[in-house]
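Following: one structure in structure tokens, then a few remarks.
The values are calculated or read from the model by the stated rules, or taken from the named source; none is laboratory data. Everything quoted here is computed from the prediction, not taken from an experiment. A quick note on method: Cβ atoms are made from the backbone with ideal geometry, for glycine too, and the neighbour counts reach across all protein chains shown. Calculation scope for accessible area: heavy atoms of the full protein, side chains included, ligands and nucleic acids excluded. Shrake-Rupley method; radii C 1.70, N 1.55, O 1.52, S 1.80 Å.
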Amino acid sequence: MKVLKITGNEKLTGSIRISGAKNSAVAIIPAALLAEGETTICNVPNISDIDILEETLKYLGVSVKRASESILIDTKNLKNKPIPEELSNKLRASYYFMAVLLARFKYVEMYFPGGCQIGSRPIDQTLKAFELLGATIKEEGCLFKIEAKELKGTTIPLKMPSVGATINAILVGTLAEGETIIENAAREPEIEDLIDLLTKMGAVITGKGTSTIKICGVKKLKGCNHEVIPDRIEAGTYTIMGALLGNYLKIDNIIPKHLKTLTDKLQEMGANIEIHRDYLIIDSQGKLQGTNIETHEYPGFPTDLQQPFVALLTQAKGVSNVLETIYENRFMNIPYLNQMGANIHIEGNSLIITGPTKLTGTMVKATDLRAGASLLIAGLVATGETIITDINHILRGYEEIVEKLTNVGAKIEIEEIQ
Ligand code: EPU
């Protein structure tokens, strides 16, 4: 079994370059299937989620050429085939194929998508959007058979601003007849990135970055070139590490606006951050004050940084409170942090953290992607050696994490153990 071995308490200095956004790329790659022809996507992170999407594209007959961080997708031989459960249950984003195949062929068969086990994660809003656009859905266990005689634009009022349902409604709406209006749409930057791609492909979409997205359906889309935005969650994770251990650590290739809620919080806690046009420099002063956070949809505090941020709060002075409002089960890192010496109480969907406490390395398990990042941060500040198991979760979302951290002075390696 592969594990991450970290020897803690090393200062981090130098520069970390942020990769393309996972949650953009996993939507943009399936979206390329809407075009008839070739699409080139640059700044694609080299992570295992992208490998699974590549496998799915090839399974559907699509030609894929990957070179360093770009991917060339040619849909000339795209075939509509039911995507096997082993592929669809490996990641959440697999259900974007539901939308693109429905839009292109008016019929799709697919299983329930996978993704981190951080809550029940239903897909009712996506299915409702498909139905409103004219589809009928048959559910056979985990298999969905979705068919539409015609897809017609309409108003889709989402119950909550779901990222996935907004993306799926946009994907189908671009090729539906007439106008589609998504109300209570999610406003995450990754959705804006997708809209930028679709606009280059010939789609007509307004309201990017707002809660009301309007799409005027077109008959066909064409291929294009697109560069994925930098990953704000990867950037946020390294910025948190910098607040704890940074010695003028540079976090390079970022969009500072996408990190504002985090950098504001860190500055309020006493962190020393210089923010520039596309990079920031963070220096640990060793004296962070505790604070309170509540996760919210963008532009609120991102749920994907809640677990990494909790590792930081264990080192801040005083009592901090965390309220997780998006997922029911995003606290699986807590027992492990407590095992390392943290003082964290779970009360329903909130946490009470008393700090600072000394952390000591031990063997812990990455139960999901961001829980893994949280334990990695704890390992970097802990005394002694931390061993993290189930690291595939971490490698799903952070490109070359060992190399990036080693380059700035961390003692971290992947080891094979029995
Ligand atoms: N929800 C429903 N019904 C739906 C859709 C969502 O009840 O039909 C609920 C979910 O259960 C959840 C909340 O609404 O409690 C938000 O879900 P959303 O649909 O917005 O999330 P998602 O599209 O499944 C994406 C990211 C997640 C990120 C969330 C929120 C991808 C592939 N995943 O998930 O990323 O946490 O948005 O920002 O884009 C991660 O990267 O670690 C990760 C989990």
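Could you list, in sequence order, all residues of the stretch 325-339 that are open to solvent by less than 10 Å² (accessible area, probe 1.4 Å) and either away from the ligand (no atom under 16 Å from the Cβ) or over 23 Å from the mean Cα position of the chain (by Cα) (or both)?
Of everything in the stretch 325-339, those that are open to solvent by less than 10 Å² (accessible area, probe 1.4 Å) and either away from the ligand (no atom under 16 Å from the Cβ) or over 23 Å from the mean Cα position of the chain (by Cα) (or both) turn out to be ILE334, LEU337.
On the given criteria, is ILE52 under 17 Å from ALA103 (Cβ atoms) and surrounded by 19 or more Cβ atoms within 10 Å (Cβ to Cβ)?
Numbers: under 17 Å from ALA103 (Cβ atoms): no; surrounded by 19 or more Cβ atoms within 10 Å (Cβ to Cβ): yes.
Spelling it out, it is not the case that ILE52 is under 17 Å from ALA103 (Cβ atoms) and surrounded by 19 or more Cβ atoms within 10 Å (Cβ to Cβ).
If you go through the stretch 120-142, how many residues are more than 9 Å from the ligand (Cβ to nearest atom) and open to solvent by 20 Å² or more (accessible area, probe 1.4 Å)?
Residues flagged as more than 9 Å from the ligand (Cβ to nearest atom) and open to solvent by 20 Å² or more (accessible area, probe 1.4 Å) within the stretch 120-142 amount to 10.
Within the stretch 238-253, identify whether any single residue is open to solvent by 10 Å² or more (accessible area, probe 1.4 Å) and closer than 30 Å to LEU34 by Cβ, and answer yes or no. Show your work before the answer.
Applying the first criterion (open to solvent by 10 Å² or more (accessible area, probe 1.4 Å)) to the stretch 238-253 yields 244-245, 247-248, 250, 252-253.
The next check asks that each one be closer than 30 Å to LEU34 by Cβ; those that pass are 253.
Scanning the stretch 238-253, I find at least one residue that is open to solvent by 10 Å² or more (accessible area, probe 1.4 Å) and closer than 30 Å to LEU34 by Cβ, so the answer is yes.
Specify the residue that is nearest to ALA373 (Cα to Cα); the eligible residues are those in the stretch 296-306 that are near the ligand (Cβ under 9 Å from one of its atoms) and not in a loop (DSSP other than H, G, I, E, B). Walk me through how you get there before you give the answer.
The initial filter retains those residues of the stretch 296-306 that are near the ligand (Cβ under 9 Å from one of its atoms), namely 297-298, 302-304.
Still in the running and not in a loop (DSSP other than H, G, I, E, B): 303-304.
On the way: THR303: 13, ASP304: 10 Å.
The residue in question is ASP304.
Which of the residues belonging to the stretch 143-171 are away from the ligand (no atom under 16 Å from the Cβ), of a type outside the set (A, V, I, L, M, F, W, C) and buried (at least 19 other Cβ atoms within 10 Å of the Cβ)? Outline the logic, then answer.
Filtering the stretch 143-171 for residues away from the ligand (no atom under 16 Å from the Cβ) gives 143, 145, 147-155.
If we keep only those that are of a type outside the set (A, V, I, L, M, F, W, C) as well, we get 145, 147, 149-150, 152-155.
Answer for the stretch 143-171, where residues must be away from the ligand (no atom under 16 Å from the Cβ), of a type outside the set (A, V, I, L, M, F, W, C) and buried (at least 19 other Cβ atoms within 10 Å of the Cβ): just GLY153.
Collect the residues in the stretch 91-119 that are more than 15 Å from the ligand (Cβ to nearest atom), open to solvent by 20 Å² or more (accessible area, probe 1.4 Å) and without any contact (Cβ under 8 Å) to a residue 40 or more places away in the chain, keeping them in residue-number order.
Within the stretch 91-119, PHE105, GLU109, TYR111 meet the criteria.
Within the stretch 25-142, which helices (runs of 4 or more DSSP H) (wholly inside it) include 2 or more residues that are touching an Asp or Glu at 6+ places or on another chain (Cβ under 9 Å), modelled with pLDDT of 95 or more and under 26 Å from SER162 (Cα atoms)?
Details: elements: 48-59, 85-88, 96-105, 124-132.
Where helices (runs of 4 or more DSSP H) fall fully within the stretch 25-142 and carry at least 2 residues being touching an Asp or Glu at 6+ places or on another chain (Cβ under 9 Å), modelled with pLDDT of 95 or more and under 26 Å from SER162 (Cα atoms), they are 96-105.
Among the listed residues ALA311, ALA410, ALA342, ALA371, which satisfies the condition of being modelled with pLDDT of 95 or more, within 16 Å of the ligand (Cβ to nearest atom), of a type in the set (A, V, I, L, M) and more than 18 Å from the chain's Cα centre (by Cα)? Break it down into steps so the answer makes sense when it comes.
Numbers: ALA410 fails: within 16 Å of the ligand (Cβ to nearest atom); ALA342 fails: within 16 Å of the ligand (Cβ to nearest atom); ALA371 fails: more than 18 Å from the chain's Cα centre (by Cα).
Of ALA311, ALA410, ALA342, ALA371, the one residue that is modelled with pLDDT of 95 or more, within 16 Å of the ligand (Cβ to nearest atom), of a type in the set (A, V, I, L, M) and more than 18 Å from the chain's Cα centre (by Cα) is ALA311.
When the residues of the stretch 6-30 are narrowed to those that are more than 13 Å from the ligand (Cβ to nearest atom) and aliphatic (A, V, I, L, M), which ends up surrounded by the fewest Cβ atoms within 10 Å (Cβ to Cβ)?
Once the filter is applied, the top-ranked residue is LEU12.
Would you tally the residues in the stretch 298-324 being surrounded by fewer than 18 Cβ atoms within 10 Å (Cβ to Cβ) and in contact with a helix residue (DSSP H, G or I) (Cβ under 8 Å, 6 or more places away or on another chain)?
First, the residues of the stretch 298-324 that are surrounded by fewer than 18 Cβ atoms within 10 Å (Cβ to Cβ): 299-300, 317-319, 321, 323.
Checking the rest, the ones that are also in contact with a helix residue (DSSP H, G or I) (Cβ under 8 Å, 6 or more places away or on another chain) come to 299-300.
Of the residues in the stretch 298-324, 2 are surrounded by fewer than 18 Cβ atoms within 10 Å (Cβ to Cβ) and in contact with a helix residue (DSSP H, G or I) (Cβ under 8 Å, 6 or more places away or on another chain).
Please go through the stretch 345-368 and give me each residue that is out of contact with any helix residue (DSSP H, G or I) (no Cβ under 7 Å at 6 or more places or on another chain), more than 16 Å from the ligand (Cβ to nearest atom) and over 22 Å from LEU288 (Cα atoms), ordered by number.
Result: GLU347, MET363.
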